[in-house]
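What follows is a short report on a single structure.
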Amino acid sequence: MSILPGAAHAEAPSFTNGGEYSSDTGHVLLSWEADQRVTLSIAQDPDMSDARTLYSGTQTSYFLSGLSDGEYRLHLEGENGEVSEPAILTVAHQSLAQALWLTLIGLIITAGIIATIVRGARDD
Amino acid sequence: MNFSSGFLTILVYVSLVWCAISAAGLAFMLVRDLLRGESW
Amino acid sequence: MTDSNVLLAPSTGYLLLALFSALWIGLGIYWGKKNKSFEDHALAGRNVGLALGSATAAATWITSNTTMLAPQFALELGIWGMLAYSMAAFGLILFAPLAKRIRTLMPHGYTSGDFFRLRYGRVAWGIFMLFTLFYSLTWLVSMAMAGGILLEALAGIDYVWGMTVILAVCVIYTMRGGLTAVIGTDFIQTLIIIVGIVVVGFAVLQNVSVDEIHANLTASKPELVHVLFPAALMAIFNNLLFGLGEVFHNNVWWSRAFAFREGVGSKAFLIGGLVWFPIPIAAGFIALASGALNVAVPSPDMVGPLVIASVLGEVGAVAIFIIVFCSLASSIDSLLAATSDLLVEDVYRRFLKPAATPERLKSVAQYITLALGIGTWAVCVPRIGTLASVLFFAGPLVGAMIWPIVTGLYWRRANSVGAIGGMLLGGGIGLISYFTIGWFVASTIGTAVSMVWVLGAAWLSKDRYDWNLLKEDA
């Protein structure tokens, strides 16, 4: 990078897709544009009081996974203190009832296949 | 309800040891087949 | 990834690539010397023993997906994700009894296409060929692309060069050595992969304990240790059924059922499945350690290599490189061999030249392997990222073939109406659900629809199939 230390003209880092993310699996690939080292942090409180740092460095993407239901705020801070617009990530997992039904259907089909194989040839 | 740390420990160690045993088992089986002239 | 943060020096990468390429090609030529006819070339003389049989079943099922996608699955879907991935082992385990049945019913058979043609007639055979070629070719393309992408990410080797070398090596040794070479190299590749995974796994555990991993997950990725994680729950049986469909229909597995010596088949598939079962967990858990080890993951498919490189440095990167190369080769070679045999037996011999001599068939098989390799290469060169994901469309298609195959092998009353309707309806409705609901339901729904239709048709049928019709002479 050719930026001079503390260069004042460095632009504030920004999330690439306008800062709106949603996920029904709890994982999302974040990406941003920045011409400097950034610190990425996440929080659930609107005032970022419970913020924790996820990443610090020069990468421009970060894979986040395993989040529970909720609304999360993400922000990027450049090393010279410029802060991005916060991104909002909404996590709403798929319906547990639907998941359990599909698991049951899968279990029945599998049991049927195993039963057919175990029972073997029928001479009818 | 979460998977416990103990469960994860068992899962990880059992699968690693299982892998080690199966590698040794395959090697042993090949030697046996070769000695009997039954490899292919 | 850019060249600046590759894990291995390109010169080391090229050296490893050259060494392993020379090894596989040398072995392929050496083993190829004992193949005289098409039967030797395609089925290794129908005399493969238990050790080589078990290892080839496991090795072929260990694709680059197992060693590379398992960590990604663990990172996205957590503990259930690893277990869901392991469920694919049931594909091999449940194929064990089928392999024995197949060998008994079809002592002279060559391919899974032979079964569909003799059991259900030309129309069902046509649908089967369409489904299986779609699946096999997308699988081949996705692995060749994955190979190029991984070599570039690991060692900065140019995508086109890496992909070309992997494909060329596999084509050369498969052409020269046929199934014998595929099975022989599979054995070595299995041992390298498993030993590599064990060494890497214990090395990761030297740096971080499972308790620390668990505490980190609970604090920052709680859903990954959650028992009722919806997406992960849905993945369990969807993956299992996808795996069953892949193994039950594909000629990669049928050709092995024909190639294994009498009495070896069912044991070899069972042992192969048991060898495979722990691998997605052993390879996957290292992704769960990424948080505890403070490894930032810029994209989910790189989590495995990044964690290993951070723990083991250059040695780890070398290990990953070798594991990846072996898992790619062990599957690409099998697919090339089995798909070319399918085309030789089912299209060339049955339709075009029934009188072809065994020597002639062998050389046709070699040319088709070469053509498949060149075709795959041409599709892979433009590096269209979405192509690899096309493989997942195959989930409902292969799921829809499970019931026609299982009932066709065991029930005399299973019939063409059931098989044709089951494949078309199951495949069609499964694909619709893929686009309207999501990938995680497609195989389950495709298999369910096909099951209902196949069972209904068998129930109403007055046909009773004569098993002797499957014993068609070679």
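The values are calculated or read from the model by the stated rules, or taken from the named source; none is laboratory data. Note that the structure is a prediction, hence the values are computed from the model and not measured. All Cβ positions, glycine included, derive from the backbone under ideal geometry; neighbour counts span all protein chains shown.
Which of the residues belonging to region A:80-97 are facing another protein chain (nearest Cβ under 7 Å) and either in a helix (DSSP H, G or I) or of a type outside the set (S, T, N, Q) (or both)? Lay out the reasoning, then the answer.
Of the residues in region A:80-97, the ones facing another protein chain (nearest Cβ under 7 Å) are A:93-96.
Answer for region A:80-97, where residues must be facing another protein chain (nearest Cβ under 7 Å) and either in a helix (DSSP H, G or I) or of a type outside the set (S, T, N, Q) (or both): A:H93, A:L96.
Filtering region C:189-206 for residues that are over 28 Å from C:L293 (Cβ atoms) and touching a strand residue (DSSP E or B) at 6+ places or on another chain (Cβ under 8 Å) leaves an empty set.
Look at C:S450 and say whether it is under 24 Å from the mean Cα position of the chain (by Cα) and in contact (Cβ under 8 Å) with a residue 12 or more places away in the chain. Here the answer is yes, as C:S450 does meet what is asked. Residues that are among the hydrophobic types (A, V, I, L, M, F, W, C) and under 16 Å from C:L217 (Cβ atoms) do not occur anywhere in region B:28-37. Under the condition of being outside any helix (DSSP H, G or I) and either within 7 Å of chain C (Cβ to nearest Cβ) or within 19 Å of the chain's Cα centre (by Cα) (or both), the residues counted in chain B number 6.
Where helices (runs of 4 or more DSSP H) fall entirely within region C:385-449, those with at least 1 residues that are crowded, with 21+ Cβ neighbours inside 10 Å are at C:394-399, C:402-410, C:416-436. Return yes or no: is C:A289 touching a residue at least 40 places away in the same chain (Cβ under 8 Å), under 15 Å from C:Y110 (Cα atoms), surrounded by 22 or more Cβ atoms within 10 Å (Cβ to Cβ) and more than 16 Å from the chain's Cα centre (by Cα)? When the stated conditions are applied, C:A289 does not pass them. For region C:138-161, taking the residues that are in contact (Cβ under 8 Å) with a residue 40 or more places away in the chain and surrounded by fewer than 19 Cβ atoms within 10 Å (Cβ to Cβ), the one that is nearest to C:G313 (Cα to Cα) is identified as C:Y159.
Taking first residues from region C:189-206 that are free of Cβ contacts under 8 Å to residues at least 60 places away in the same chain and partners that are buried (at least 19 other Cβ atoms within 10 Å of the Cβ), the Cβ contacts under 6 Å between residues at least 6 apart in sequence or on separate chains come to C:V195/B:A23. Of the candidates C:T190, C:T218, C:T174, C:T185, the single residue that is closer than 30 Å to A:D50 by Cβ and hydroxyl-bearing (S, T, Y) is C:T218. The C-beta contact set for region B:12-40 (first residue under 13 Å from C:I271 (Cβ atoms), second residue part of a loop (DSSP other than H, G, I, E, B) and of a type in the set (S, T, N, Q), distance under 6 angstrom, 6+ apart or interchain) comprises B:D33/B:S39. From the list A:E85, A:E71, the lone residue that is exposed (fewer than 14 other Cβ atoms within 10 Å of the Cβ) and either touching a Gly at 6+ places or on another chain (Cβ under 8 Å) or not charged (D, E, K, R) (or both) is A:E85.
For region A:14-41, the candidate set comprises residues that are part of a strand (DSSP E or B) and of a type in the set (D, E, K, R); within that set, the residue that is farthest from the chain's Cα centre (by Cα) is A:E33. Reported count of residues in region C:344-363, each being surrounded by fewer than 19 Cβ atoms within 10 Å (Cβ to Cβ), assigned to a helix (DSSP H, G or I) and among the aliphatic types (A, V, I, L, M), is 2.
I'm trying to understand the selection: among the residues of region C:214-264, which are more than 7 Å from every other protein chain (Cβ to nearest Cβ), surrounded by 24 or more Cβ atoms within 10 Å (Cβ to Cβ) and more than 29 Å from C:L133 (Cβ to Cβ)? Selection gives C:F229, C:A232.
Mind telling me which of the residues C:I166, C:I188 ends up being touching a helix residue (DSSP H, G or I) at 6+ places or on another chain (Cβ under 7 Å) and either modelled with pLDDT of 90 or more or surrounded by fewer than 22 Cβ atoms within 10 Å (Cβ to Cβ) (or both)? Please lay out each step first, then the result.
Details: C:I188 fails: touching a helix residue (DSSP H, G or I) at 6+ places or on another chain (Cβ under 7 Å).
Answer to the check: C:I166.
Residues of region C:450-474 that are more than 9 Å from chain A (Cβ to nearest Cβ), closer than 29 Å to C:P354 by Cβ and either among the aliphatic types (A, V, I, L, M) or assigned to a helix (DSSP H, G or I) (or both): C:N468, C:L469, C:L470, C:K471, C:A474. The numbered conditions (1) outside any helix (DSSP H, G or I); (2) within 28 Å of C:A259 (Cα to Cα) are all true for C:G184 except (1).
The residues of region C:172-184 that are among the β-branched types (V, I, T) and either under 16 Å from the mean Cα position of the chain (by Cα) or surrounded by fewer than 24 Cβ atoms within 10 Å (Cβ to Cβ) (or both), listed by number, are C:I172, C:V182, C:I183. Scanning region C:271-284 for any residue that is at pLDDT below 95, within 14 Å of chain A (Cβ to nearest Cβ) and crowded, with 24+ Cβ neighbours inside 10 Å turns up at least one such residue. From the list C:S330, C:S334, which residue is closer than 21 Å to C:I62 by Cβ, at pLDDT below 95, of a type outside the set (A, V, I, L, M) and in contact with an Asp or Glu (Cβ under 6 Å, 6 or more places away or on another chain)? Testing whether each residue is closer than 21 Å to C:I62 by Cβ, at pLDDT below 95, of a type outside the set (A, V, I, L, M) and in contact with an Asp or Glu (Cβ under 6 Å, 6 or more places away or on another chain) leaves just C:S330.
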